[in-house]
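The values are calculated or read from the model by the stated rules, or taken from the named source; none is laboratory data. Model, not experiment: these values are computed from the prediction. Cβ coordinates were reconstructed from backbone atoms using ideal geometry, including for glycine residues, and neighbour counts include every protein chain displayed. Heads up: the accessible areas ignore ligands, DNA and RNA and are worked out on the full protein's heavy atoms, side chains in. Shrake-Rupley method; radii C 1.70, N 1.55, O 1.52, S 1.80 Å.
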Amino acid sequence: MQPFILKHYLKNFSSLVILCSLLIFFSEKFSLADSKEEAYYYFLLSQIVAKDPAEAEAYLQKAVKLERKSLYLKKVLMAYYLENKKLEEARDLGENLYKKNPYDKEIVWLLSRVYLQENRPNRAIMILEKYLEKEPKDQEILSFLISLFLQQREWDQALLKLDQLEKMHPQNYAIFLFKARIYREKEDYKAAEKAYLKAIELSPDNKPLILEALQFFESISDKEEIEKILIDYLVKNPEDKDFLRLLLGFYLEQKDFEKSENLLKSYLEKHKDQPEFLFYLGLILEYKDKNNEALKIYKEIPPGSPWYIEAQRRIFEILKRKNLEEAKTYLKELRKVDYKEKSFFVFLSNAYESIDLCEKGAEIAKTGLINYPEDPDLILALASNYACLENYEEVLKIVEPLMKRFPEDAYVLNFVGYSLVELNRDLDRAENLLLKANELKPEDPYILDSLGWLYYKKGDYEKARTYLEKAVEKLKVDEPVIWTHLGEIYLKLGNKEKACELFKKAHQKTIHQREKKNLEKLL
């Protein structure tokens, strides 16, 4: 690793090229009679030619000997002494430099590091404190000093030092920030709260500071203060989208849809062309059962926006709940749109599968795969439609090759494992695949369902019930197939009442005709 005082010289390859050019320039154009040029020639050798820190150090020693007035070269040499664990040489050189330059940040930093490696923390603290008396706003040095106090768990000494600095520099927000951190470590949350708020008052536009304070207030569940900090910031910085998202996320976490709606509508009055926030507003209106208003908002999101496909998906879901024929008509119109995005094909294919038009869903997925032949999302969309058609041989044919590309993908493993279960073959292999998928995604209801159905096929109904009850518990949307599977297990276990209840519930919600007919037989 390069010493930190050299980093700005060697940030990228172009910097290295410049140094190489200078090296050639010095070696060819000068006779090296001039000691200054010769010193910097050795400096360049230390940075480019040297094979290890020890060789670099030797070149630097020559450079310093030739150019004794160069503070920069001496600091670089000191850094190399420190890197090579030559603490005595580093200390002697550092103390000599410090006498003449007690407020040079790099010298103070390096010498304090030397003292720490010599196990002399008090000496390191002393020179850091002296530096901070003149430069109290230097957060790097202040942070380093406070970290030394904290390492030794000297809370009171750290606070005492910060109190002294506060008297000299009462408008320095960093002093209050470090106080807040210490009080937080001491679990004195009232004092930490007061210190954070004072730091924000002194530096109201400091985003990293505000984010740290918000994390603190979240940790103590002070929701009122979180809301106040975010609103105060946005009043002064209304264009800051990051903090708008934070406030919106805060309201949504509290399920305060009224405030969420008002916030977004107020913002969108002044900023019309904001697809992301239009989409969020549409979602909130959906949550509030204002579906017609949500539809209108979603339709304002233009093609080409990253939110366009998501908006179409929401429109389709609203129409599907409202009137299935309207949803079908909407998809028919969307198919006329000349939109070539991969996600558009995935959406349309899955949408058709969800309304039991699986032949069309498969056709759309195949069209997408002409343009994106290796895309796993499109392959799985096609597989889902084949599963809908109960063509599990075809599902295996197209999904099994994905296992070589994605051996740790839980959904690929689940597709293959479930297909084997439905085909009632290689059940031991199916079990291994599904258990691995469950390890990767232990809370996924669809994988839990697959395992439950596997054990049903194996005749282990108690084990099947355990997995399927957990799958139903984890569901966030209606899934008639999973309800049906659990119902069939209850039937095998002799609980006809529970089975019938689940079959009726599934029959009411399912759209797929094959599933409906199966449920009618079961009922």
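Things to note:
- Against the chain, whose longest principal axis comes from its Cα atoms, helix 155-168 is set at around 70 degrees.
- Entry note, the chain: the mean residue ellipticity at 222 nm calculated from DSSP H runs of n ≥ 4, each adding -39500 (n - 2.57), is -24000 deg cm²/dmol after division by the residues and rounding to the nearest 500.
- For the chain, the longest principal axis of the alpha carbon atoms and the long axis of helix 223-236 meet at an angle near 70°.
- Rounded to the nearest 20 debye, dipole of segment 274-321 from Cβ charges on Lys, Arg, Asp, Glu: 180
- Each part gets one Cα centre, and for segment 118-191 versus segment 83-117 those centres are 21 Å apart.
- Extension gain for the segment E520 to E497, taken as residue separation times 0.36 nm less the Cα-Cα distance, is 6.7 nm to one decimal.
- Residues of segment 374-393 with amide N under 11 Å of a point placed 7 Å along Cα→Cβ from R405: 374-380
- Three-way shape label, segment 204-311, alpha-carbon gyration tensor, a/c 1.5: prolate
- Surface share of carbon and sulfur [accessible, 1.4 angstrom probe, percent] for the chain: 50
- Filter on K340/K509; K328/K496; K241/K290; K322/K397 - keep pairs with C-alpha separation over 29 Å: K340/K509; K328/K496; K322/K397
- Top positive-direction residue, dipole computed over the chain with Cβ charges, set V477, P275, I175: I175
- Relative contact order (%) - the chain, alpha-carbon pairs under 8 angstrom, separation at least six: 4
- Site pair K241 and E269 shows an inter-label distance of 2.2 nm when each label is modelled 7 Å from Cα along Cα→Cβ.
- Think of a 1.4 Å ball rolled over the protein heavy atoms: segment 214-370 then has 53 Å² of accessible area per residue.
- Only Lys, Arg (+1) and Asp, Glu (-1) charged, at Cβ; segment 201-354 dipole about Cα centre in debye: 1040
- Förster radius 25 Å - calculated FRET efficiency between K288 and V477, Cβ distance, rounded to 0.05: 0.85
- Loop-resident trypsin sites (Lys or Arg not before Pro) (DSSP state other than H, G, I, E or B) in segment 172-255 with no more than 16 further Cβ atoms inside 10 Å of their Cβ: K186, K255.
- Applying 1/(1 + (r/R0)^6) with R0 = 45 Å to the Cβ-Cβ distance of V337 and I220 gives a FRET efficiency near 0.35.
- Share of alpha-carbon pairs per 10 Å distance bin for the chain, given as whole %: 3, 12, 15, 15, 15, 15, 14, 8, 2, 0, 0
- The simple spin-label model puts a point 7 Å past each Cα toward its Cβ; for E276 and K509 those points are separated by 3.3 nm.
- Farthest toward positive dipole pole in the chain [+1 Lys/Arg, -1 Asp/Glu at C-beta], among A195, Q164, Y411: Q164
- Over segment 38-129, accessible surface divided per residue gives 48 Å², non-protein components excluded, 1.4 Å probe.
- Charge dipole magnitude, Cβ of K and R +1, D and E -1 - the chain, Cα centre, debye nearest 20: 340
- Using a simple spin-label model with pseudo-atoms 7 Å out from Cα toward Cβ, A191 and D256 lie 3.1 nm apart.
- Compared with the dominant principal axis of the Cα atoms in the chain, helix 513-522 is inclined by about 60°.
- In the context of the full set of protein chains, residues of segment 408-523 present 53 Å² of accessible surface per residue (probe radius 1.4 Å, heavy atoms only).
- Anisotropy class assigned to segment 63-164 is prolate, per the alpha carbon gyration tensor with a/c at or over the 1.5 cut-off and a/b larger than b/c.
- Shape of segment 391-470 from the C-alpha gyration tensor: oblate (a/c of 1.5 or more and a/b not above b/c, with a ≥ b ≥ c the square roots of its eigenvalues).
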